[in-house]
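The values are calculated or read from the model by the stated rules, or taken from the named source; none is laboratory data. Quick caveat: nothing in here was measured; it's all calculated off a predicted structure. Glycine gets a Cβ as well: all are built from the backbone with ideal geometry, and neighbour counts include every protein chain shown.
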Ligand code: 5AD
Ligand code: SF4
């Protein structure tokens, strides 16, 4: 396991989680089981898939043995993510042997990467569907019912599923993910995502705000806006939509941030629009890109109390030559300058990161630059990985994966140890302070404690007080910490 600190964006504890939802009434007698791997975007996509099939009368089940349709929503980011899925498919094989009518489908990034090859390699698979083809699922299932295998891995330049109202699954009714864009145009040389998720496109800003407002009305108190690179969000109303024809267009005309929305909406504008839904709705977002995060975004975060002071800013490496080979389009100085801007404009802001050790040709000295970057930023959290060559990526084509496994591992262990110290350092610095915490529910370890997150995204544990319920904000005086959690008590 190469993930250090699970959080809600790539939550190790949720990998393989099955999705269950309430039937919508038009039951067709068939049961769907869907299980997800990878990033938050994939979990959010599974909610879209469940919603498309619920419309066709599928009920969901948490037990694949009782399912008529079994879907696995897959991740390709590193080789071990794919191995995990292959092993899981073996477990589905015996269920299918008992129930030959069962439809087994592979969705998501691995489906897109391997396409029809999947059908040859894994005989039990009936359907292979890429991330932009989920609307076609009911037809594809019909094809399989008719005795064929089915594949749709077409990528789209437009699909954002903006009109699909995702059903919230296995939700605590307090936090929800809202996808604001799809795909990625960055072409980092190590990364498979541009190939599996296609071109970048931004979702209609009004549908994002409408979804967040509906969530707030249902009692949700925190939304996390999701995209591979949220800072390059850009959406412009179509000219036909701003002419005021039709009832939808009347909505289009009124900008929630004042005036007509004729200019394109950028990420700072979108953040503001969502923040204005209610001061009681916390807004988080992920992932930011160091090349694109602007002072305007930082100023918007600083301006609104309900936009959380927490930025996930993947550095990948602290060395400029390696960053250039990774095609990250920034160097060490640029990244440090962005960190300085965060500290200057927002001040008390948590920063987390992603780091890859042992990228092609990385020397010990270059690795030391990553270590000194950690010393400079003192990250609150970090997700750290050994470089895993992915077929078809620019790095796989251009560079040899020449850092030996034991060297990659040694470097990884070194930074994991260092990060543990900095996580502890950051949490210790909160002792004696009062944190505003959104109560999420009972702590996993004890039903005498509540758990929730601080503005800076730290997990906080404190004794249950009957006057406060999950979904409410409380002020918690921090008394102690481990390297992953703050502990304290509610103060009035
Ligand atoms: N090998 C290792 N880590 C990778 N990541 C992306 N591609 C690879 C790869 N080929 C990491 C990056 C990215 C995070 C989501 O996964 O750090 O930010
Ligand atoms: Fe998410 Fe990337 Fe994995 Fe696809 S490959 S599921 S985009 S992390």
Task: Restricting segment 343-374 to residues that are more than 20 Å from residue 394 (Cα to Cα) and buried (at least 23 other Cβ atoms within 10 Å of the Cβ), the residue that is nearest to ligand 1 (Cβ to nearest atom) - done: 353
Open item on the list: Conditions first: (1) at pLDDT 90 or above; (2) within 16 Å of ligand 2 (Cβ to nearest atom). Residue 11 passes all but one, so which condition is the exception?
Closed with: (1)
TODO: Within segment 377-397, identify whether any single residue is within 16 Å of ligand 1 (Cβ to nearest atom), out of contact with any strand residue (DSSP E or B) (no Cβ under 9 Å at 6 or more places or on another chain) and more than 19 Å from residue 80 (Cα to Cα), and answer yes or no.
DONE: yes
TODO: Report, ordered by the first and then the second residue, all pairs with beta carbons closer than 7 Å, sequence separation of six or more or different chains, a first member in segment 193-219 that is touching a residue at least 60 places away in the same chain (Cβ under 8 Å) and more than 30 Å from residue 396 (Cβ to Cβ), and a second member that is away from ligand 2 (no atom under 16 Å from the Cβ) and part of a helix (DSSP H, G or I).
DONE: 205/270; 205/273; 208/270; 208/274; 209/273; 209/274; 212/274
Open item on the list: Among the listed residues 112, 82, 91, 120, identify the single one that is out of contact with any strand residue (DSSP E or B) (no Cβ under 8 Å at 6 or more places or on another chain), within 16 Å of ligand 2 (Cβ to nearest atom) and either free of Cβ contacts under 8 Å to residues at least 12 places away in the same chain or more than 20 Å from residue 51 (Cα to Cα) (or both).
Closed with: 112
- [ ] Being outside any helix (DSSP H, G or I) and out of contact with any helix residue (DSSP H, G or I) (no Cβ under 9 Å at 6 or more places or on another chain) is the filter here, so list the residues in segment 332-355 that pass it.
- [x] 348, 352, 354
Task: Unmet criterion (only one of (1) closer than 30 Å to residue 184 by Cα; (2) more than 16 Å from ligand 2 (Cβ to nearest atom); (3) within 24 Å of the chain's Cα centre (by Cα); (4) surrounded by fewer than 24 Cβ atoms within 10 Å (Cβ to Cβ)) for residue 70 - done: (4)
Open item on the list: Any residue at all in segment 359-376 that's under 22 Å from the mean Cα position of the chain (by Cα) and either away from ligand 2 (no atom under 16 Å from the Cβ) or under 24 Å from residue 193 (Cα atoms) (or both)?
Closed with: no
Open item on the list: So for segment 398-406 (the condition being more than 20 Å from residue 327 (Cα to Cα) and away from ligand 1 (no atom under 15 Å from the Cβ)), does at least one residue qualify?
Closed with: yes
Open item on the list: Which count do you get for residues in segment 317-331 that are assigned to a helix (DSSP H, G or I) and over 12 Å from residue 373 (Cβ atoms)?
Closed with: 3
Task: Residue in segment 275-282 that is within 22 Å of the chain's Cα centre (by Cα), in contact (Cβ under 8 Å) with a residue 24 or more places away in the chain and within 16 Å of ligand 2 (Cβ to nearest atom) present - done: no
TODO: Looking only at segment 412-422, decide whether some residue is closer than 30 Å to residue 113 by Cα, surrounded by 14 or more Cβ atoms within 10 Å (Cβ to Cβ) and within 13 Å of ligand 1 (Cβ to nearest atom).
DONE: yes
Open item on the list: If I filter segment 133-153 for residues that are in contact with a helix residue (DSSP H, G or I) (Cβ under 6 Å, 6 or more places away or on another chain) and within 16 Å of ligand 1 (Cβ to nearest atom), do I get at least one hit?
Closed with: no
Open item on the list: Taking the condition of being assigned to a helix (DSSP H, G or I) and surrounded by 21 or more Cβ atoms within 10 Å (Cβ to Cβ), how many residues in segment 92-112 meet it?
Closed with: 5
Open item on the list: Return the residues of segment 146-164 that are surrounded by 14 or more Cβ atoms within 10 Å (Cβ to Cβ) and touching a residue at least 40 places away in the same chain (Cβ under 8 Å); say none if nothing qualifies.
Closed with: 153, 155, 156, 159, 160, 161, 162, 164
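Per-residue answers, yes or no, for (1) within 30 Å of residue 490 (Cα to Cα); (2) buried (at least 19 other Cβ atoms within 10 Å of the Cβ); (3) within 16 Å of ligand 2 (Cβ to nearest atom):
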| site | (1), (2), (3) |
| --- | --- |
| 389 | no, no, yes |
| 398 | no, no, no |
| 403 | no, yes, no |
| 433 | yes, no, no |
Open item on the list: Any residue at all in segment 423-430 that's over 23 Å from residue 372 (Cβ atoms) and touching a strand residue (DSSP E or B) at 6+ places or on another chain (Cβ under 6 Å)?
Closed with: yes
